[in-house]
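Reading through the structure tokens given below for one structure.
The values are calculated or read from the model by the stated rules, or taken from the named source; none is laboratory data. What you are looking at is a predicted structure, and each value in this text was computed from that prediction instead of being measured. We place every Cβ from the backbone using ideal geometry, glycine too, and count neighbours over all the protein chains shown. With ligands, DNA and RNA removed, areas are computed over all heavy atoms of the protein, side chains included. Shrake-Rupley method; radii C 1.70, N 1.55, O 1.52, S 1.80 Å.
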Amino acid sequence: MHHLGSTRSSLKADHLLQTPDTFVRSPLPGAEGVEFIIQAAPQLGARFTQMTAEFVAGGSLGPAPAQRFLYVLDGKIELKAGGKRHVLKPGGYAYLPQGAPHTVRAPGIARVAVIEKPYEPLHGAAVPEIVVGEEGDVTPVALQGDRALRVRSLMPDGPSYDFAVNTMTYDPGASLSMVEVHAMEHGLLMLEGGGIYRLGDSWYPVHAGDFIWMRAYCPQWFGALGKKPAKYLIYKDWRRHPLGDRA
Ligand code: UGY
Ligand code: MN
């Protein structure tokens with residue numbers, strides 16, 4: 001059936017909701033056998049990039065222009081970094097510091113969320129280290145004591161690291177306890193379930209597959225609906241003074 005130009009996708013000054021019917025794929029230099037859906041980029045106003053990389057069998061990524069975070073959505077990838085070889089399956093993730101030599105190759109078809117951000121060094125902080133993990137091994141923490149809303153932090157928390165990537169899992173009916181307004185920006189990929197997202201002055205139905213970018217200070221709230229939990233992967237800049245490191 002013809003969609004007659006309708007979509008849930010919406011771009012406003014302080015946020016973007018991008019739904020799968022509007023995804024456009026493009027190649028990027030250095031990658032072979034991979035198409036990228038570039039979901040957040042400086043062209044949008046974001047200070048990072050977030051993409052979904054779709055690999056055919058044998059596809060590989062090129063070198064990263066910045067720090068790189070990978071989260072496997074479907075299929076598997078082979079990561080060679082720091083003298084080790086890792087196989088990452090869905091829920092597997094990795095962080096590669098800026099300039100860390102590495103290769104990423106998919107033996108079969110795979111989909112991977114890729115987040116890249118220029119590193120903001122901090123005077124006195126140690127250089128960041130390679131991180132490889134599996135989401136299922138991360139202990140969930142109840143957000144503000146609410147066990148119906150569980151957060152898993154995939155990045156180490158310390159002065160060496162300038163961004164966070166978390167998964168947030170909401171039982172049906174669970175919601176953020178407040179409308180947040182904060183200096184950090186977000187990239188968000190809905191992984192499971194759905195609900196209602198408030199972004200700025202708009203309320204949107206959202207579900208698995210949708211992408212959201214929130215500019216700094218975008219009012220935001222989510223409530224999960226349906227019969228199964230809602231889960232999303234969320235990026236934020238973290239632990240850096242807004243004016244930069246003047247030390
Ligand atoms: O970490 C966060 O700021 C998170 N609670 N925001 C969100 O889920 N929109
Ligand atoms: Mn937030």
From Cα coordinates alone, what are the radius of gyration and Dmax values for the range 159-247 in angstrom? 14.0, 51
Putting +1 on Lys and Arg Cβ atoms and -1 on Asp and Glu Cβ atoms, find which of Phe36, Tyr217, Gly92 reaches farthest to the positive end of the dipole of the chain. Gly92
Solvent exposure, largest accessible area first (probe 1.4 Å, DNA, RNA and ligands not counted), of His186, His86: His86, His186
In Å, what Kirkwood hydrodynamic radius results for the range 1-79 from the alpha-carbon pair distances? 14.5
Hey, any idea what % of the range 97-203's accessible area is carbon plus sulfur with a 1.4 Å probe? 56
Kirkwood Rh and Cα Rg combined as Rg over Rh, evaluated for the range 102-222: 0.97
About the Cα centre, and with charges only on the beta carbon of Lys, Arg (+1) and Asp, Glu (-1), how big is the dipole of the range 100-172? Nearest 20 debye, please. 220
Counting only heavy atoms of the protein chains, get the accessible area per residue of the chain (1.4 Å probe) and round it to a whole Å² value. 49
GNM on the chain, C-alpha springs below 10 Å: top fluctuator among Val104, Val151, Val127? Val127
So what's the Cα pair-distance distribution over the range 78-140, bin width 5 Å, in %? 4, 13, 25, 24, 18, 11, 4, 1, 0
Work out the length of the dipole vector of the range 38-188 about its Cα centre, built from +1 on the beta-carbon of each Lys and Arg and -1 on the beta-carbon of each Asp and Glu, and round it to the nearest 20 debye. 480
Give, to the nearest whole percent, the P(r) tail of the chain beyond 24 angstrom, counting all Cα pairs. 46
Within the chain, how many lysine pairs that are 8 or more places apart, or on different chains, have C-alpha atoms less than 29 Å apart? 25
